[in-house]
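The values are calculated or read from the model by the stated rules, or taken from the named source; none is laboratory data. These numbers were taken from a predicted model, which means no experiment stands behind them. Here the Cβ positions follow ideal geometry from the backbone for every residue, glycine too, while neighbour counts run over all protein chains shown. What goes into the accessible areas is simple: the full protein's heavy atoms, side chains included, and nothing from ligands, DNA or RNA. Shrake-Rupley method; radii C 1.70, N 1.55, O 1.52, S 1.80 Å.
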Amino acid sequence: MDDIIIQTKDLCHLYPNGDGELIRALDKVSVTIRRGEFVAIIGTNGSGKSTLAKHFNALLLPSAGQCLVDGLPVSDTGDMWAIRQKVGMVFQNPDNQIVAAVVEEDVAFGPENLGVPPLEIRRRVDDALAAVDMTDYRLHAPHLLSGGQKQRIAIAGVLAIRPDCLVLDEPTAMLDPLGREEVLSTVSRLNKEQGMTVVYITHFMEEAVFADRVLVMDKGRIIREGTPKEIFSCVEEIAALGLEAPLAAEVAWHLRNRGLDLPADIITDEELALALCQSN
Amino acid sequence: MLTDITLGQYYPGDSFLHKLDPRTKIVATLIFICSIFLASTYVAYGVLFLSVLLAVGLSRLPAKLVARSVKPLWVIVVLTFVIHAFSTPGAALFEWKFISITDAGVQQGVLMSLRLVFLIVVSSLLTYTTSPIVLTDGIESLLNPLRRFGVPAHELAMMMTIALRFIPTLLEETDRIMKAQVARGADFSSGHLLKRAKNLLPLLVPLFISAFRRADELAVAMEARCYRGGENRTRLHQLAYAPRDGVALGGVLALTLALAWMRWSGL
Ligand SMILES: Nc1ncnc2c1ncn2[C@@H]1O[C@H](COP(=O)(O)OP(=O)(O)OP(=O)(O)O)[C@@H](O)[C@H]1O
Ligand SMILES: [Mg+2]
């Protein structure tokens with residue numbers, strides 16, 4: 001029990017739409033996230049990924065079922081601030097989550113809200129900026145930074161709260177390839193070196209490949225769950241869901257269909273290259 | 001450039017004025033402005049002039065920069081002079097039909113315009129030597145005691161902080177939308193006033209929609225980072241008074257007292 005950081009049991013969420021009807025955005029979702037894990041969540045638009053993520057730090061409350069964060073139910077409003085301290089969220093648009101006009105003041109925003117003493121805030125800000133490799137930009141204006149840098153500042157802002165778990169909702173969707181690489185490597189470094197639990201929602205399957213575990217969502221349900229190899233080697237199944245398997249997996253699948261003898265679990269470019277060299 | 005707006009007029013430096021606590025600067029500026037209105041005699045104006053010179057000297061700002069601060073308001077300065085010169089009764093210096101300029105009028109006009117110039121220079125010293133971010137902290141801290149009477153000190157400061165953060169972003173966005181509309185044949189720069197205002201509509205609508213969306217997302221992000229208003233909030237940078245703040249306030253108070261004394265004693 002102790003190594004479980006987030007657990008949902010039959011979690012349902014209903015949104016009222018304009019005409020007084022209810023949209024079922026989450027339908028009996030049961031997931032378990034363990035400490036130190038890197039979990040990727042993928043799924044088509046509107047499959048409920050963001051809705052699920054917002055339950056993890058009490059931005060949304062369950063319509064039915066349960067969501068426990070470190071054993072605390074999110075529906076208990078008394079624990080709301082404790083939960084938000086345990087689970088930090090990074091959103092898609094880097095511009096719309098930076099509050100202050102100076103980088104270090106923005107990173108300080110979270111600890112300031114928690115009433116942390118100034119000297120301790122200083123330490124946390126320095127640590128957080130170092131962790132995302134942005135110390136040199138501490139006195140810069142956020143609007144002059146690149147998208148990837150802004151997103152790293154947003155991550156630092158969350159790290160300064162000292163959460164147990166980082167939830168990122170499509171953090172790279174608005175970035176160029178370079179920025180995407182910056183953000184993903186920052187996040188996986190945090191996971192590997194500091195043991196930070198990461199829940200990473202993405203549309204880029206090449207990013208999900210780096211996870212320990214992948215959850216696939218469709219129409220408000222978790223329909224598949226497994227290691228990236230298990231999920232992505234079934235190229236047809238992924239395609240049937242309206243998703244695209246990583247390019248390497250797809251190429252390998254086509255080659256296999258043409259009779260080339262390649263292992264079935266190729267999902268990264270490196271693995272594909274290696275397998276092709278060996279198959280000669 | 002448009003994006004310079006976050007710095008406002010701030011001219012970085014480390015002079016005596018730059019190092020003063022923002023609260024001291026705000027209060028001292030207000031007192032100074034009040035004392036300007038106490039001056040009525042030539043001697044008093046002389047003292048004021050010297051004090052303003054001293055303040056400019058202490059700021060170590062380039063004289064050109066200080067002079068430039070008066071420039072946008074010169075019309076008002078000249079207008080003040082003209083109105084006083086024509087409307088004050090006294091011995092006529094110049095008469096034409098029903099218009100007359102009097103000696104008392106010229107004198108009054110000069111003094112009034114001087115007051116205005118002093119006022120502009122002193123208040124721009126505040127904005128030249130204090131960054132808007134620090135100024136915001138100062139205003140919040142000064143208004144804080146008034147919270148008990150319902151003054152939303154923290155909320156005002158938070159609004160200013162967010163405005164400083166988002167003005168450059170929104171300006172960039174305006175620029176982008178404008179270019180996109182121009183590429184589709186929109187015309188923002190010709191036609192009469194009403195037509196131009198109408199042409200701005202396709203610019204303003206998307207801008208507003210995006211600003212509201214941003215506000216919405218920002219609010220969620222702030223909540224996720226445990227924001228719950230100003231209660232029990234601490235700050236990374238804390239304001240602290242130093243001995244120099246006492247010196248500055250003492251100086252401004254002494255000036256005010258001296259001017260008040262001159263006024264009542266008629267010096
Ligand atoms: N505030 C809301 N009010 C009403 N319906 C909503 C609201 N937010 C989301 N929905 C609906 O809930 C469903 C799930 O939305 P959600 O944003 O969780 O999907 P998602 O997987 O994050 O999609 P995307 O990949 O586009 O971000 C969608 O059908 C959406 O239309
Ligand atoms: Mg989403």
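Counting helices only, and only those DSSP H runs with n ≥ 4, report the 222 nm mean residue ellipticity of chain A as the sum of -39,500 (n - 2.57) divided by its residues, in deg cm²/dmol to the nearest 500. Estimated from H runs of four or more residues: -11000 deg cm²/dmol.
Note on chain B: GNM, Cα springs under 10 Å; of B:Leu194, B:Leu61, B:Leu111, the largest mean-square fluctuation is that of B:Leu194.
In summary, the lysines within cross-link reach of A:Lys54, defined as a Cα separation below 24 angstrom excluding same-chain residues under 8 places away, comprise A:Lys9, A:Lys28, A:Lys86, A:Lys150, A:Lys219. Taking the longest Cα principal axis of chain A as reference, the axis of helix A:103-113 is set at about 70 degrees. An ellipsoid equivalent to the protein assembly as shown, defined through the eigenvalues of its Cα gyration tensor, has semi-axes of 61, 27, 22 Å when rounded to whole angstrom and sorted largest first. Taken as Cα centroids, the stretch A:59-137 and the stretch B:165-203 sit 37 Å apart, rounded to the nearest whole angstrom. With the convex hull of its Cα atoms as the shape, the stretch A:79-236 has an orientation-averaged projected area of 10.2 nm².
Largest first and in whole Å, the equivalent-ellipsoid semi-axes of the stretch B:2-265 read 40, 31, 16, each the square root of five times a Cα gyration tensor eigenvalue.
Chain A contacts chain B over a buried accessible area of about 3200 Å², both sides summed; the probe is 1.4 Å and only protein chains count. The charge dipole of chain B, taken about its Cα centre with unit charges on the Cβ atoms of Lys, Arg (+1), Asp and Glu (-1) only, comes to about 220 debye. Surface composition of the stretch B:56-159: carbon and sulfur make up 72 percent of the accessible area, probe 1.4 Å.
With every protein chain left in place and a probe of 1.4 Å, what is the accessible surface of B:Arg235, to the nearest 10 Å²? Rounded to the nearest 10, that gives 60 Å². Relative contact order for the stretch A:1-51: 37 percent, from Cα pairs under 8 Å spaced at least 6 residues apart, divided by residue count.
For the stretch B:2-265, the solvent-accessible area works out to 57 Å² per residue, with a probe of 1.4 Å and every protein chain left in place. Computed from Cα positions, the angle between helix B:132-143 and the longest principal axis of chain B comes to roughly 70 degrees.
Accessible area per residue for the stretch A:1-86, computed on protein heavy atoms with a 1.4 Å probe, is 43 Å². Taking the C-alpha atoms only, the angle from helix A:269-279 to the longest principal axis of chain A is near 20 degrees. Think of the protein assembly as shown as a dipole: +1 on every Lys or Arg Cβ, -1 on every Asp or Glu Cβ, centred on the Cα centre; then among B:Phe149, A:Leu168, B:Val75, B:Val75 lies furthest on the positive end.
Label zone of A:Lys28 (point 7 Å out along Cα→Cβ, amide N under 14 Å): in the stretch A:217-231 this covers A:220-223. Structural descriptor for chain A: relative contact order 21 percent, calculated from alpha carbon pairs under 8 angstrom and at least 6 residues apart. Take every Cα pair under 8 Å whose residues are at least 6 apart in sequence, average their separation, divide by the length of chain B, and the relative contact order is 31 percent. Counting only protein heavy atoms and a probe of 1.4 Å, the accessible surface of chain A is 50% carbon and sulfur. Remark: the stretch A:161-267 carries 46 Å² of accessible area per residue (probe radius 1.4 Å; ligands, DNA and RNA excluded). Where does the charge balance sit around B:Arg235 when Lys and Arg score +1, Asp and Glu -1, over other residues with C-beta under 10 Å from its C-beta? Net charge around B:Arg235: -3.
With the charge dipole of chain A set up from +1 on Lys and Arg Cβ and -1 on Asp and Glu Cβ about the Cα centre, the Cα lying farthest toward the positive end among the listed residues A:Thr186, A:Ile42, A:Leu61 is that of A:Leu61.
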